[in-house]
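Written out below as structure tokens is the structure these notes cover.
Values quoted throughout were computed directly from the atomic coordinates according to the rules given, and no laboratory measurement underlies them. All values derive from a computational prediction rather than experimental measurement. Neighbour counts are summed over all protein chains in view; Cβ atoms, including those assigned to glycine, are modelled from backbone coordinates with ideal geometry.
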Amino acid sequence: MKTNGKGRRTHDGRQGRPAGAQPKDEASEKRSRSPRAKPAGGSHPAGKAAREPGARSDVHAGDLVEGQVSANRAGYGFLRVEGLKESVFLPPQQMRGVMHGDRLSVRLARDASDRWLGTVEQVLEHAVQAFLGTVQISDRSAWVSATDRRLQLSCAVAHEALGGARNGDWVIARITRRGAGGQPPHARIERVLDPDRPVELATESALARFGLPHEFSAEALREAREWGEAVDPAEAARREDLRGLPLVTIDGEDARDFDDALYAEPSPEGFRLIVAIADVSHYVRSGTALDAQALERGTSVYFPTRVIPMLPTALSDHLCSLAPGVDRLCFAADMQVSSGGVLKSARFYPAVMRSAARLTYTQAHEALFEGQPAARTALGRLVEPLQALVEVFRALHKARARRGALDFDAPEARLVIDPSERVRAVELRARNDAHRLVEECMILANVAVAAALDQSRTPTLYRVHGEPDGEKIDRLVSTLAALQIEAHLPERIVTRDLQAIARRLGHITERPFIESLIVRAMPQALYQPVNIGHFGLALTHYAHFTSPIRRYPDLIVHRTLKAQIGALGGAAVRYEPGELAALGESTSRLEKRADEADRYVSTFLKCTYLRERIGQVFLGLITTVVEFGCFVQILDVGVDGLLHIDNLRDDVYEMEANGHAWRGRRTGRRLATGTQVRVLVTSVNPIEGLVDLELVEEP
């Protein structure tokens, strides 16, 4: 994993094999960006809406199905069809004119071995509009070829479309005409890149590969500028005034957009907790160019040295950001919390605030949890209200344990980038209690808002997480058994049953991997207007309210909450259920796109780091056993590599009958899921995220 500038957690791992993956919404409010969801849940009759569909029994040979293709560099491909357990094989002749990620309409058949075989009827959607490539120029022609071999793409480039590119240059190329009738596709060169600057190469490649919008329209930029650089005094006068309270922000060291602030004080019921959130809905109105551009993006995307914001920086980094010492408009969740961490009441209102300090997680942890004198002195008069926040956190954290919410806490892999934009190191950094403090306060605000909207029957978008699929749970139990870990799960599991597995492990090295297995046994969290609860957090009500600068669903929740409380000013919106369903589907899809882009860049850069360390030996953990070898996670880097059967040279290995392990015929050495091994890096392909390994003999 890695964190972005706001300390928000994201997921890592190659091709769906994350290490130490965190349930997205558990990580999401760790002041932690709501991450790659592999991430509790009620018994609502609509619960299946958030579940991954089971196997389809209504599909037969001759039927037309739709799905997304995964291409292999050898020329063939597999079509992933929703609800169909088994992928559909597409032989090389069917992959002509088809590229990795395309959405296809395919007619099904069965081959001699009874697997699904497909004939492509139509390309429904081209996934690749632009790509990373290299240029070849001759006297009469110019071509650009994709560096990702799975695309099998080479486009003609008119000399006037070269954009200054020269022979051998690495570039971003955009397809201008698809190939047809024996004619090649055409492209134009948009940007020439320096292959010796891997961060730029990875980031630009991700923008092209995933089609991330990264430039705002002139109208949206104009609308953002028209709000000015300071809060309108007349608007501030119409709101509740929180400027006298020492609200503070707590974020990562390199954060620039501060969207939440906290304050707590003792009260007769226990505590008063205020979570003040940037009032983005005041500035980004429904139907405006700003709104259209935010909806197109769905979320901000955080790369190691660059942010692709959902909103123009005039708002995201300035007027909406809760910077210290300046007036800012906010939307407050003002809550009463018992000493046992139970939400007793809440009210919500537009307000004006002035942040008393911009704290980092490190500062807050040193002062509040380690009690370092210098750090406490630096906080001055803020120590007392911040100490109340600590007491709130402890109460909320105990309440979390009582309800049995998942609480995985693997260290995050952070890339250390030098001034020349090369990866100097990969560091595993553990979260501290300051991260957890902010997370628990954000979760409580999200719960309070969701409950209020549900109780008032105000249509909104909930953040939901369905119950795990029984078949996936069976596979999890089987895998854990192979690891000699007992998991006695009831017929109808609850969240604490899964949390108990991790709790029994203690602090063993394999714990992050085992937690990732639990995460992968669960469905993805998503946005929808039907509330089914959140299984991972063991909550019956949950919505995203706390990050409207970077997440469009939070903006929707702000608008609907303003409608519910009758807020004046024109920002309130009452959405129709059908409109919300479409918005939920769109924002869930865009979140997934952002997560995939983030993962791609992270894996790309970790691979460039390993490419400079070919020949070095690393400690690894076998994550998957396959018929051609094993996938091994390199623990110090957090990326998977392939240990091919041909590279098991210390013995002759045979696969065990159950397929769970390879066993050496002479030594009896067993290579099973969860086994630690020492591996040597033999080759690396950052473009495709591939790492090849060789087994190092035991001393």
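Listed values, structure above:
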| read-out | value |
| --- | --- |
| Cα-based Rg of the stretch 380-505 normalised by 2.2 N^0.38 Å, two decimals | 1.43 |
| Cα-based radius of gyration of the chain once divided by 2.2 N^0.38 Å, which approximates compact folds | 0.98 |
| Loop-located GluC sites (Glu not before Pro) in the stretch 444-544, at most 14 other Cβ atoms within 10 Å (DSSP) | Glu486, Glu491 |
| Centre separation in Å (Cα based) which lies between the stretch 132-200 and the stretch 201-280 | 40 Å |
| Extent along principal axes [Cα atoms of the stretch 64-125; Å; largest to smallest] | 26, 24, 18 |
| Dipole magnitude of the chain, debye to nearest 20 (Cβ charges: Lys/Arg +1, Asp/Glu -1, about Cα centre) | 380 debye |
| Per principal axis, descending, Cα span of the stretch 105-163 in whole Å | 50, 22, 20 |
| Only Lys, Arg (+1) and Asp, Glu (-1) charged, at Cβ; the stretch 130-208 dipole about Cα centre in debye | 360 debye |
| Ellipsoid semi-axes in whole angstrom, largest first, where each is sqrt(5λ) of the Cα gyration tensor of the stretch 130-208 | 20, 14, 10 |
| Distance histogram for the stretch 452-491 (every C-alpha pair counted, 5 angstrom bins, percent rounded to whole numbers) | 6, 18, 17, 13, 8, 8, 10, 10, 8, 3 |
| DSSP-loop trypsin sites (Lys or Arg not before Pro) across the stretch 618-668, with at most 16 other Cβ within 10 angstrom | Arg649, Arg665, Arg666 |
| Linear extension gain, Arg73 paired with Gln676, 0.36 nm per residue minus alpha-carbon span | 214.1 nm |
| Unsatisfied cross-links (Cα-Cα over 25 Å) in the set Lys344/Lys562; Lys398/Lys592; Lys344/Lys592 | Lys398/Lys592; Lys344/Lys592 |
| Expected 222 nm ellipticity per residue - DSSP helices of 4 or more, -39500 (n - 2.57), all of the chain, to 500 | -8000 deg cm²/dmol |
| P(r) weight above 15 Å for the stretch 613-695, C-alpha pairs, percent | 52 percent |
| Sparse-neighbourhood loop sites, GluC sites (Glu not before Pro) in the stretch 233-295 - DSSP loop, at most 13 other Cβ within 10 angstrom | Glu253, Glu269 |
| Efficiency of FRET from Cβ geometry, Glu576 and Ala425, R₀ 30 Å, rounded to 0.05 | 0.05 |
| Shape box of the stretch 178-277 [Cα atoms, principal axes, largest first, Å] | 78, 32, 28 |
